[in-house]
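Worksheet for the structure shown next.
Values quoted throughout were computed directly from the atomic coordinates according to the rules given, and no laboratory measurement underlies them. Not measured: the values here are computed from a predicted model. Here the Cβ is made from the backbone with ideal geometry for all residues, glycine too, and neighbour counts use every protein chain on show.
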Amino acid sequence: MSSSIAIKVDDLTVAYNYKPVLWDIDLEIPEGVLMAIVGPNGAGKSTLIKAILGILKPIAGSVSIYGKPYKQQRKLVAYVPQKGSVDWDFPTTALDVVMMGTYGSLGWIKRPRQKEKKAALEALEKVGMLPFKNRQISQLSGGQQQRIFLARALVQDAAIYFMDEPFQGVDATTEIAIINILKELRKAGKTVVVVHHDLQTVPEYFDWVTFLNVKKIATGPVKDIFNDDNLTKTYGINYKVSIQE
Amino acid sequence: MDIQEYFTLVFSDYTLRTITLGTAILGAVTGMLGSFAVLRKQSLLGDAISHAALPGIAIAFLITGAKDSNTLLLGALLSGLVGTFWIRGIITKTHLKSDTALGLILSLFFGFGMLLLTFIQKQPNANQAGLDKYLFGQAATLVESDVWMMAVVTSICLLVLLLFWKEFKILLFDKDYAKTLGFNTKFIDILITSFIVLAIVLGLQTVGVVLMSAMLLAPAAAARQWTNNLAKMVFIAAIFGALSGVFGTAISASQDNLSTGPVIVIIAAVFVFISFVFSPTRGLLFKQIRIIKNRRDLELHKTLAFMYHIAETHDNISHPHEIKILNNFHGFTKGTLKKLVEKHYVTLQGSTWSLTKEGFDSAANLYNQLSKNDE
């Protein structure tokens, strides 16, 4: 594992109205890991990602990407939001959504051209959605929509990927497609941070894990810290018993 | 004057030409911008903005004493903008939902506007009459300079749309994602909202405070039915809006005592109605026809599949079987049997049926197709 730190979070605190959702989070994520963020509902998993990406404004704390403030490093970071966060009846096609991944590098006003289109088609191919490129997005299944979102992030060709529950409510085909992409990204030395719900698959899919419940409970290699002690601290119940039942 | 006469006069008569051009341009620009309001699920925003513009008109009159449309509309623009940014402020700074904020500002500003209008009317000044035309609009008061103004604003709006097309699109579809790409979403948001306010204010003289939001929503809602492409939707909405303006003016000019604004809105509503019923992909009519047809096909396929299973067990596929063994668990009705005979899939002899070669092959093919769809 590389020793350099890809993402560093210092004293991050976020609140909706008066209630803190994240409290004083310190986090160092090494380059090249596939990390799961786990925790119960309302633990602030999505909020953590959104705060790192500047979508939410934190009350306190700072985020740096490869040692520089996030704002200067945007091009190194790609984001896969929750599928349910957009209106899929929007009048556009699968290819068009994936093309949006190129907008950041294009900047203001410039239009996507052949080069951008080619990149988008390649990304669609990678997630197995090329045959659906001209499909209206509402005509896609939930799993296919998720793969479109993934392709859109792949087009960004970033060093760091944040994914918000990419496995939520997807079919087996999509789950396998996503896992393959994750493995490929790891092989290419990218850092991937995934909000994840299914505890059973954590040891199989990920090599790094962060336990979160408003505060950071633990972070580190799955083989060292994915244990009953941390699960119990995070979820407040004896997880070993409930999983084995 | 009848409608035919209107269309012969429209090119020669100055007044008719001015009004028609004005309403057409207005319809086009509101249709265009309305697409964005509809897709952002901000349909109510237009209504709130137009109502919020009313006190601005009254205050502009009170301060300047002028009644020319430019001065009054400038007042409307300012108070519309104030209303809009109050709405934004309420939504971001408080726990209130957006519909509450919109309703609150709408009634507050409209109430204040009405109060001022009544106050103005009670004043011993002969000049005050005519401000109430901004409530329901009066297209007949449009003059050439008004139309020029509309044309200029529409051109600027078109230019901005073309320039920031990609930014608008990504803001509409996925605002958070746009933010992570480094776009200043607040700027894009304010840009588009300001243009919506501008378009609404331009329409107040013609259509009026009360009905203006229909100009924004109706062409866009209708256009959404005909396409799954954002650019085409904006274009179609502009066309629908312009046509509503032209036909509305034509009808109101050719009849006595029909004011133009409401007629334009009703024409726009007709476009909505036609689009919701008759659009080939999203329309109610064709959707219903498709559902009925699919059901019938399924019934037919179910019965045919059942017959195929029975016929499969015999060496001779056309071995006759009793009709009785078919039952409605498999979608069987007398009607389906009749249809199968019509398609030459089945032949009947007294109380027995037998599959034809054609029917057998088609049933076998059905299975292949079904398993292919599963993949």
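In table form, for the structure just shown:
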{"quantity": "Flag for B:T118 being outside any loop (DSSP other than H, G, I, E, B), away from every other protein chain (no Cβ under 14 Å) and of a type in the set (V, I, T)", "calculated": "yes"}
{"quantity": "Region B:232-267, residues that are closer than 19 Å to B:A199 by Cα, surrounded by fewer than 19 Cβ atoms within 10 Å (Cβ to Cβ) and within 14 Å of chain A (Cβ to nearest Cβ)", "calculated": "B:F235"}
{"quantity": "Pick from region B:157-197, criterion hydroxyl-bearing (S, T, Y) and within 12 Å of chain A (Cβ to nearest Cβ), ranking: nearest to B:T84 (Cα to Cα)", "calculated": "B:T185"}
{"quantity": "Counted residues, region B:198-231 - those being out of contact with any His (no Cβ under 7 Å at 6 or more places or on another chain) and more than 14 Å from chain A (Cβ to nearest Cβ)", "calculated": "21"}
{"quantity": "Some residue of region A:16-24 being within 14 Å of chain B (Cβ to nearest Cβ) and in contact (Cβ under 8 Å) with a residue 40 or more places away in the chain", "calculated": "no"}
{"quantity": "Strands (runs of 3 or more DSSP E) enclosed by region A:1-93 - at least 2 residues per element that are over 14 Å from the mean Cα position of the chain (by Cα)", "calculated": "A:5-16, A:19-30, A:60-65"}
{"quantity": "Odd one out for A:L121, checked against (1) surrounded by 14 or more Cβ atoms within 10 Å (Cβ to Cβ); (2) within 20 Å of the chain's Cα centre (by Cα); (3) away from every other protein chain (no Cβ under 13 Å)", "calculated": "(2)"}
{"quantity": "Members of region A:195-224 that are among the aliphatic types (A, V, I, L, M), assigned to a strand (DSSP E or B) and touching an Asp or Glu at 6+ places or on another chain (Cβ under 8 Å)", "calculated": "A:V195"}
{"quantity": "Residues of region A:164-182 that turn out to be part of a helix (DSSP H, G or I) and loosely packed, with under 15 Cβ neighbours inside 10 Å, as a count", "calculated": "4"}
{"quantity": "Criterion: in a helix (DSSP H, G or I) and surrounded by fewer than 20 Cβ atoms within 10 Å (Cβ to Cβ) - qualifying residue of B:I59, B:I49", "calculated": "B:I59"}
{"quantity": "Those residues of region A:51-101 which are closer than 25 Å to A:D11 by Cβ, hydroxyl-bearing (S, T, Y) and within 9 Å of chain B (Cβ to nearest Cβ), in sequence order", "calculated": "A:Y79"}
{"quantity": "Residue count, region A:124-142 (criterion: surrounded by 15 or more Cβ atoms within 10 Å (Cβ to Cβ) and within 14 Å of chain B (Cβ to nearest Cβ))", "calculated": "7"}
